[in-house]
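Read the structure below first, then the notes.
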Amino acid sequence: MATVKRTAIAGGYFIELGSKEIEIYSIAQDGSGALKRVDDVQGTVRRLTEEAGLERDYDQSFRQHVARLIQHINNKENRTE
């Protein structure tokens, strides 16, 4: 069975939610597109959540919250095109 990964790009970061891990990479600002893995996943998600104007629902797991954030970012991007 294929693994589905959810991804989004926001605030200079590439977010990837796989079946087992949440990974966040910073995107190089020099235009090269180089990615560097971010160690502080929770802090980065918190910052991106605030920038997106979302509130953390503590009745959801962290994975569910990240999935919701990715969905919000992607929906917002689709509306602005």
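The values are calculated or read from the model by the stated rules, or taken from the named source; none is laboratory data. On a predicted model such as this, the values are computed, not experimentally measured, just so you know. Here the Cβ positions follow ideal geometry from the backbone for every residue, glycine too, while neighbour counts run over all protein chains shown. Keep in mind that these areas ignore ligands, DNA and RNA; they rest on the heavy atoms of the full protein, side chains included. Shrake-Rupley method; radii C 1.70, N 1.55, O 1.52, S 1.80 Å.
Is there a residue in segment 52-75 that is closer than 13 Å to Gly11 by Cα and basic (Lys, Arg)? Checked segment 52-75: no residue is closer than 13 Å to Gly11 by Cα and basic (Lys, Arg).
Scanning segment 1-26 for residues that are surrounded by fewer than 16 Cβ atoms within 10 Å (Cβ to Cβ), without any contact (Cβ under 8 Å) to a residue 24 or more places away in the chain and not acidic (Asp, Glu) turns up Met1, Ala2, Thr3, Val4, Lys5, Gly12, Gly18, Ser19, Lys20, Ser26. In segment 49-70, the qualifying residues are those that are open to solvent by 90 Å² or more (accessible area, probe 1.4 Å) and acidic (Asp, Glu), and the one that is farthest from Thr7 (Cα to Cα) is Asp59.
Matching residues to (1) of a type in the set (A, V, I, L, M); (2) under 21 Å from Asn75 (Cβ atoms); (3) assigned to a strand (DSSP E or B):
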{"residue": "Val4", "(1), (2), (3)": "yes, yes, no"}
{"residue": "Thr7", "(1), (2), (3)": "no, yes, yes"}
{"residue": "Phe14", "(1), (2), (3)": "no, yes, yes"}
{"residue": "Lys20", "(1), (2), (3)": "no, no, no"}
{"residue": "Ser26", "(1), (2), (3)": "no, no, yes"}
{"residue": "Gly31", "(1), (2), (3)": "no, no, no"}
{"residue": "Lys36", "(1), (2), (3)": "no, no, yes"}
{"residue": "Asp39", "(1), (2), (3)": "no, no, no"}
{"residue": "Gly43", "(1), (2), (3)": "no, no, no"}
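When Glu16, Glu50 are checked against the criterion of being over 9 Å from the mean Cα position of the chain (by Cα) and not small (Gly, Ala, Ser), Glu50 stands alone in meeting it. The set of residues from segment 72-81 being over 17 Å from Thr44 (Cβ atoms) and either at pLDDT 90 or above or not β-branched (Val, Ile, Thr) (or both) comprises Asn74, Asn75, Lys76, Glu77, Asn78, Arg79, Glu81.
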